[in-house]
Amino acid sequence: MSIFNTGRSLFKKTKVVPVFLTITDDYAKYAAAAINSLMKHANHKRYYRVIIMYDKLSLKNRWRLRNMVTRNVAIEFHKMKYSLYMQIIKRYCAKRSGSGDFFAREVYYYRAFIARVFLQYDKGIYIDSDTILMADIGELFDIDLGDNIIAARVDPKVAMVPEFVDYVEKALGIPAKEYVNSGVLLMDLKKLRKIHYITQMTDLIKQDADLVAPDQDYLNVILKGKIMHLDPKWNCQPEGENPKNAKLLHFNLSKKPWYHDDVNSGEEFWKAAKGTGFYGDLMREKEHYTEKQAEEDAMKIKALIEKGAKLAKGKRIFK
Ligand SMILES: [Mn+2]
């Protein structure tokens, strides 16, 4: 065995794990907790690169996040560039936000750009800012995608709400047991480039359809049949689920630990938030969260369910 072969296999074992987050200033504090939890569980023999995609992010927040860097977890920033794709997304969001659309924010669409922008990577992970790692994210990276384009978890919130089941099955044409949540994604970036994912998505956006969860709906429609289902442990949504043995907690579409006291596994969020430069901000945000805000947040979810029911009665949105 030559010394070169040994070197090669060592190099393979220490392949960098790229992890993408997409944020605005209001998400920086939650992202900090997510990143801190990633660092706590990082394997000291591996290297990780946390890449934060943003459009507007204050210098102060970038500085505070960048300061979290460790020996084997790098923190990098990528400012979204103006492009035709971005123009289509911006226009769609501007139009939809007026109708009180929950997901009419450009930041939700940035994950669709990962494959196109980061040509140096063949595989990558995307995580939402409302997540907390409970295990080494490198384990997720190592999962073999086989012939699939991405891996994601079947959305547990859909099965809980009959209106959402109707919506994904009738309006989108996707069986509820196949419809995935886009908050945690393991992606074959080569394949996403090959199918021109971003072009396919913006082509659908141009149809200006009213949807319940746009970026997630597009992902499910475009990649239908090419999605591997992740073990729920990698996207455990503690509200209504047993968080025991979870590898990643996702405070999705429910009570957020930074607003409420009685959140399942909320203590894991606070453990991760501690020791970041954002702990004080998070404490203050929780203190100032009002009954009125809680009511508004509950109304938004209610409106989303009603919208799902309404759209399910209409015809199939995409052919
Ligand atoms: Mn989320």
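In the set (1) buried (at least 19 other Cβ atoms within 10 Å of the Cβ); (2) out of contact with any Pro (no Cβ under 7 Å at 6 or more places or on another chain); (3) under 25 Å from L249 (Cα atoms); (4) not hydrophobic (A, V, I, L, M, F, W, C), the condition left unmet by Y92 is number (3). Evaluation of Y109 against the conditions (1) of a type outside the set (V, I, T); (2) under 18 Å from Y197 (Cα atoms); (3) surrounded by 14 or more Cβ atoms within 10 Å (Cβ to Cβ); (4) more than 16 Å from the ligand (Cβ to nearest atom) shows that the sole unmet condition is (4). For beta carbons closer than 6 Å, sequence separation of 6+ or different chains, a first residue in the stretch 202-224 that is acidic (D, E) and a second that is part of a loop (DSSP other than H, G, I, E, B) and modelled with pLDDT under 95, the qualifying pairs are D217/L211. Here L249 does not fit the description of being over 19 Å from the mean Cα position of the chain (by Cα) and either of a type in the set (K, R) or not in a loop (DSSP other than H, G, I, E, B) (or both).
Looking only at residues of the stretch 247-271 that are crowded, with 20+ Cβ neighbours inside 10 Å and modelled with pLDDT under 95, we find that the one that is nearest to the ligand (Cβ to nearest atom) is N252. Restricting attention to the stretch 180-207, the residues that are farther than 18 Å from D128 by Cβ and in a strand (DSSP E or B) add up to 1.
Which residue is surrounded by the fewest Cβ atoms within 10 Å (Cβ to Cβ), if the candidates are limited to the stretch 118-134 and must be away from the ligand (no atom under 14 Å from the Cβ) and part of a loop (DSSP other than H, G, I, E, B)? Here the answer is Q120.
With respect to the conditions (1) under 22 Å from G138 (Cα atoms); (2) within 21 Å of the chain's Cα centre (by Cα); (3) not in a helix (DSSP H, G or I), E268 lacks only one, and its number is (3). How about the stretch 224-246: which of its residues are outside any helix (DSSP H, G or I) and either within 16 Å of the ligand (Cβ to nearest atom) or in contact with a strand residue (DSSP E or B) (Cβ under 6 Å, 6 or more places away or on another chain) (or both)? Scanning the stretch 224-246 gives I227, M228, H229, L230, C236, Q237, P238, E239, G240, E241, P243, A246.
Per the listing V158, V212, V107, V168, the residue uniquely under 25 Å from M80 (Cβ atoms), not polar (S, T, N, Q) and not in a loop (DSSP other than H, G, I, E, B) is V107. Between K157, K123, K170, the distinction of being basic (K, R), more than 22 Å from P214 (Cβ to Cβ) and in contact with a helix residue (DSSP H, G or I) (Cβ under 9 Å, 6 or more places away or on another chain) belongs to K123 only.
The values are calculated or read from the model by the stated rules, or taken from the named source; none is laboratory data. Since the structure is predicted, the reported quantities are computational estimates derived from the model, not experimental observations. FYI the Cβ positions are ideal-geometry reconstructions off the backbone, even for glycines, and counts take in every protein chain you see.
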